[in-house]
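Only one structure is covered here, and it is reproduced in the block below.
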Amino acid sequence: MLHVTDLSFRHGERVLFDRAGAAISDGWKVGLVGRNGAGKSTLLRLIQGQLEPAFYPAFANYLARTVEDFGREGVSVSMVTIQNEPDFEPGDYPGMRVNPSERAIIIGRHVGPAFRARGLKTQILDYDHNWDNPEMPLAVLSDPQARSFIAGVAWHCYEGDVPAQSPVHDAYPDKDAWETECSGGEWSPKFAETLGWMTDKLIIGASNNWSRGSLLWNLALDPQHGPHHGGCGDCRGVVTIDPATGVIARNVEYYVLGHASRFILPGAYRVATARHDNGIEAAAFLNPDGSKVAILHRNSGDGPVTIALDVDNALKPGRFNIQSRMKESPGGSGAGSLVLPSGQRVTLGGKVTTIGRLPDCTVPVNDPNVSRRHTEVRPIGSSFVLVDLGSTNGTKVNGMRINGEHVLDDGDIVSVGATHLRFEAS
């Protein structure tokens, strides 16, 4: 068993910290990703398995000590995640599976309190995995104790699509989003295709779906796609450095970042854009110095294109007041609503609300993984009960599949197929 007193960075620490301290400029953010390294997995090894609950405290103290030791060497850690890609068990490098309920316990009852007890300001991010399972971070954030320690959600690009970030933000708008990993590689060797895809997803798409920044992995590799010990054998770095000659080659990923970072300044705000042509992807930003930046990518069509940018200068930061009053719904039944991914609200009252693929459902969902009449919301007294109608793929609440019925609570995320609805009690 690893005790916290056994932890040391003495092995090679001078090389690591001296070089890191020299390379990190003021204002840079440093993040750490947890690995299966402190405690004991169910498979008694560092590769695959799950962390045994008895070792949750040791794991939390291991992360806290790591952050402290980095800080003592002049490298301030801004953010951590407790496990890289927690829904994946790698076959040849350290990693473990940590499902949403386990992450909620580890963060809410161990890592968060350990950081707080030591006075650490390092932010804790959940998830650190792909766009295809947004119900997983939603499930963790639904735990009030874990949510109190979580600053945001980290996303990877390898499965799903970037709009998955928005339902999580909409459910918990006080939590940040970060695109923390995406890599190019020999599977995508064409410069133009990679430049377009990464610009669409990691710069424009990530920003428009609430991401505060995007990271590419790796920063630098050698011509043999190394060094690495297991994992990806043909990933491409932002730059390639030949250790024999010292020659640096700038790859397409370098230019993806450069198109944005040359013009978007630290502290910029992303502002809304309205497009009139679906062939153009766009994101706009307001820099701290007042300059305005628009990044555009033409994703379809041939020949010349004319671009006009209209700035609505009447839109300025300010305040507005809302006046409201409570009104009892007819018949004395409870009041509530379902918030759709588009932001539209479906008011719940005294009638049954059906969700499914058929167009006559109250909430029609165009998704082949959704049954024709998938689930329904029934008013019961002052509450609303979600009832699965024997659907093929099931109905989930906060990432967990329900068994028959579930009484909805304010803020619950209802998932049918790839569609996520938020219940709000009025």
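The values are calculated or read from the model by the stated rules, or taken from the named source; none is laboratory data. Computed from a prediction, not measured in an experiment: that's the story for all the values here. As a convention, Cβ positions derive from the backbone with ideal geometry for all residues, glycine included, and neighbour counts pool all protein chains shown. Calculation scope for accessible area: heavy atoms of the full protein, side chains included, ligands and nucleic acids excluded. Shrake-Rupley method; radii C 1.70, N 1.55, O 1.52, S 1.80 Å.
Values for this structure:
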item	result
For the stretch 403-416, Karplus couplings with θ = phi - 60° (6.51, -1.76, 1.60), whole Hz, Gly/Pro x	10, x, 10, 8, 6, 7, 10, 4, x, 4, 9, 9, 10, 10
Per DSSP, loop GluC sites (Glu not before Pro) in the stretch 163-247 with at most 15 further Cβ within 10 Å	E186
Summed residue charge, Cβ within 13 Å of V339's Cβ, Lys/Arg positive, Asp/Glu negative	-2
Label-point separation, Q344 to S291 (7 Å along Cα→Cβ), nm	4.1
Label point distance in nm, S383-R116, each placed 7 Å from Cα along Cα→Cβ	2.9
Sequence of Y269, Y172, Y255 from largest to smallest accessible area, 1.4 Å probe	Y269, Y255, Y172
Chain lengthening between H229 and S101 when straightened (0.36 nm per residue, less Cα-Cα)	43.1 nm
GluC sites (Glu not before Pro) restricted to the stretch 50-108 and DSSP loop, no more than 16 other C-beta within 10 Å	E73
Accessible-area composition of the stretch 209-255, carbon plus sulfur, in percent [1.4 Å probe]	59
Contour excess over end-to-end distance, with Cα ends at T306 and D92 and 0.36 nm allotted per residue	72.0 nm
Within straight-line cross-link reach of K292, aspartates and glutamates at Cα separation under 15 Å, skipping those fewer than 8 residues along the same chain	D310, D312
Loop chymotrypsin sites (Phe, Trp or Tyr not before Pro), the stretch 79-158 (other Cβ atoms within 10 Å of the site Cβ: 13 or fewer; DSSP)	Y158
Size descriptor, Kirkwood hydrodynamic radius, that averages inverse alpha-carbon separations across the stretch 333-426, Å	12.8
Pairwise centroid distance, computed over Cα atoms, of the stretch 204-257 with the stretch 124-145, Å	26
Over 27 Å between alpha carbons, listed pairs K175/K396; K121/K201; K175/K351; K121/K175; K121/K396	K121/K201; K175/K351; K121/K396
Accessible area (Å², 1.4 Å probe, nearest 10) - S211	20
Accessible-area ranking of R378, R65, largest first, probe 1.4 Å	R378, R65
Kirkwood Rh in Å, taken over the stretch 207-312 so that all alpha-carbon pairs contribute	16.6
